[in-house]
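Student: Once you've had a glance at the structure underneath, I'll fire off some questions.
The values are calculated or read from the model by the stated rules, or taken from the named source; none is laboratory data. These figures come from a predicted structure and were not determined experimentally. FYI the Cβ positions are ideal-geometry reconstructions off the backbone, even for glycines, and counts take in every protein chain you see. These area figures cover heavy atoms from the full protein model, side chains too; ligands, DNA and RNA do not enter into them. Shrake-Rupley method; radii C 1.70, N 1.55, O 1.52, S 1.80 Å.
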Amino acid sequence: MSTETLDKAKDQLPVKGFLDLKNVFIPQGEELVQAILDLKKEKNAVILAHYYQPAEIQDIADFLGDSLQLARQAKETDADMIAFCGVHFMAEAAKILNPTKKVVLPDLQAGCSLADGCSGEGLRKMREQHPGAMIATYINCNAETKAESDIIVTSSNAETIINALPKDVPLIFAPDKNLGRYLMKKTGREMILWDGSCIVHEAFSMERIAKQLAEHPDAKLIAHPESETPVLDLAHFIGSTSALLNYVEKDEATKFIVATEEGILHEMKKRAPHKTLIPALVFDESCNCSECFFMKRNTMEKLYLCMKYELPEITMDEELRQKALVPIEKMLELSKSIK
């Protein structure tokens, strides 16, 4: 491959999001898996992947987890390079925690509706409207938004953290209003909510899920708290990605209707192969499952290219990184009791 071809692909990264090298040979099948493993060894890299990633990426990852687990793993790794298979805000969090390590993301366009809908400037204005309030921000946000926050939470630790915050201080919760409403119900704490939601979890249809429950009276509905209240009201269990996995694995029921991104079913089937897993239905009747377009932008081919050429790389202004690090470290400290 010519230097000119690579340079052109680098120039297109802001638009395309990944190295588009059309004339470069990329192995396929088992050869591609082995090539990625070889690159991992050659570059002393670690592959971190979220449960919503494509199945083949989940299978090759060194560590598979939810946002809290991945943040912990990113902080603890001794690898020189982190290949983060998730969405952009997750890779940013890894860089915030590892300023001296190279962090690469297969596709920069792997974004998030929650992160895109909440800005640092917006949070500053919200703080001005509510002087004296603390801001607890869901980890599904960009670095600028984290930097304006007092503490970060994940769906795994949010209830624990909210309960630990001073009761006499007003609390702003951003950006997921559905998670915020659920936390208010769980903690009994009133919060000022940012008006944001996840395009995947808000797509679930309460009416269609109710019909699924009628058709499968022996099934339990399990749901992520990013789902809307009518869906959560039907659920037998509500929890974070990792909590949903643990519930399916350990509960006595043998059939579950699963209301979260469909990528989780891959790991659920591994952990509970004898159980029946039914994707919860969404409003769009032409689609029978809920898939995150952003999560699925990452592919094995893009992972191979980003590890081989160490691009796209996550970079960050040091002042911004340090500001964003403070609320993340507060979260990790308050979350030590959560496995």
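Student: What do the square roots of 5 times the Cα gyration tensor eigenvalues come to for region 37-147, in whole Å, largest first, as semi-axes of the equivalent ellipsoid?
Tutor: Those come to 30, 14, 11 Å.
Student: Report the extension gain between Glu4 and Glu190 in nm, rounded to one decimal, defined as 0.36 nm multiplied by the number of residues separating them, less their alpha carbon distance.
Tutor: Between Glu4 and Glu190, full extension yields an extra 61.2 nm.
Student: While we're on this one: Kindly provide the trypsin sites (Lys or Arg not before Pro) of region 188-221 that DSSP labels as loop, not H, G, I, E or B, and whose Cβ sees at most 16 other Cβ atoms within 10 Å.
Tutor: On the way: sites: Arg189, Arg208, Lys211, Lys220; in loops: Arg189.
Qualifying residues, ordered by number: Arg189.
Student: Given H placed 1.01 Å from N in the peptide plane, which residues other than close sequence neighbours of Ser156 have an amide H under 5 Å from its amide H?
Tutor: Answer set, sorted by chain and number: Leu68.
Student: Dipole of the chain, Cα-centred, from +1 at each Lys and Arg C-beta and -1 at each Asp and Glu C-beta, to the nearest 20 debye?
Tutor: Numbers: 40 positive and 52 negative charges, 126 e Å.
In total the dipole reaches around 600 debye.
Student: OK, next. Determine, at each q value in 0.15, 0.18, 0.34 (inverse angstroms), the log₁₀ of I(q)/I(0) that the Debye formula gives when each Cα of region 107-150 is one equal point scatterer.
Tutor: So the normalised log intensities work out to -0.37, -0.51, -1.27.
Student: A further question follows. On full extension of the chain, what length is gained from Lys125 through Glu318, given 0.36 nm per residue of separation minus the C-alpha to C-alpha distance?
Tutor: 67.1 nm
Student: Antiparallel as a % of all DSSP beta bridges within the chain, to the nearest 5?
Tutor: Around 5 percent of the beta bridges assigned by DSSP in the chain are antiparallel ones.
Student: Counting other C-beta atoms within 10 Å, and keeping those with at most 11, which DSSP coil GluC sites (Glu not before Pro) do you find in region 194-265?
Tutor: Filter output for region 194-265: Glu252.
Student: Could you point to the residue in Ser242, Phe283, Ile209 farthest towards the positive end of region 206-290's charge dipole, with +1 and -1 charges on the Cβ of Lys/Arg and Asp/Glu respectively?
Tutor: Looking along the dipole axis, the top candidate is Ser242.
Student: How far apart, in nanometres, would the label points at Asp168 and Ser286 be if each is projected 7 angstrom from Cα along the Cα-to-Cβ direction?
Tutor: Spacing of the two 7 Å Cα→Cβ label points: 5.8 nm.
Student: Restricting attention to region 1-84, which chymotrypsin sites (Phe, Trp or Tyr not before Pro) occupy a DSSP loop and are surrounded by at most 13 other Cβ atoms within 10 Å?
Tutor: Phe25
Student: Would you work out what percent of the accessible area of the chain, with all protein chains in place, is carbon or sulfur (probe 1.4 Å)?
Tutor: 49 percent
Student: Dividing the alpha-carbon Rg of region 206-290 by 2.2 N^0.38 Å yields what?
Tutor: 0.98
Student: Related question: Going down the list Lys22/Lys95; Lys22/Lys308; Lys270/Lys336; Lys250/Lys296; Lys75/Lys330; Lys40/Lys75, which pairs span over 21 Å between their C-alpha atoms?
Tutor: Check vs 21 Å cut-off fails for Lys22/Lys95; Lys270/Lys336; Lys250/Lys296.
Student: Direction-averaged shadow area of the convex hull around the Cα atoms of the chain, nm²?
Tutor: 18.1 nm²
Student: Also, quick follow-up: Could you check the simple spin-label distance between Ala133 and Thr276, using points 7 Å along Cα→Cβ, in nm with one decimal?
Tutor: Result for the modelled spin labels: 4.6 nm.
Student: Per residue of region 192-204, what does 6.51 cos²θ - 1.76 cosθ + 1.60 with θ = phi - 60° give for ³J(HN,Hα)? Whole Hz please, x for Gly and Pro, Karplus curve as stated.
Tutor: Per residue, the Karplus-derived 3J(HN,Hα) values read 8, 9, 5, 8, x, 7, 8, 5, 6, 6, 7, 7, 5 Hz.
Student: So, one more: What number does region 8-47 give for Rg over Rh if you use C-alpha atoms and the Kirkwood radius?
Tutor: Values: Rg = 12.6 Å, Rh = 11.8 Å.
Here the Rg-to-Rh quotient is 1.06.
Student: Taking 0.36 nm per residue of separation and subtracting the Cα-Cα distance, what length does fully extending Thr229 through Asp11 add?
Tutor: Extending this stretch completely gives an extra 74.1 nm.
Student: At 1.4 Å probe radius, can you tell me the per residue accessible area of region 206-290 in Å²?
Tutor: Value returned for region 206-290: 45 Å² of accessible area per residue.
Student: Output the DSSP H helices from the chain with an along-axis C-alpha extent of no less than 27 Å and a mean Kyte-Doolittle hydropathy no less than 1.6.
Tutor: In the chain, no H run is both long and hydrophobic enough.
Student: To the nearest 20 debye, what charge dipole does region 215-339 have about its Cα centre, counting +1 at the Cβ of each Lys and Arg and -1 at the Cβ of each Asp and Glu?
Tutor: My answer is approximately 520 debye.
Student: With each pseudo-label sitting 7 Å past Cα toward Cβ, what's the Thr254-His236 distance in nm, one decimal?
Tutor: Label at Thr254, label at His236, 1.3 nm between them.
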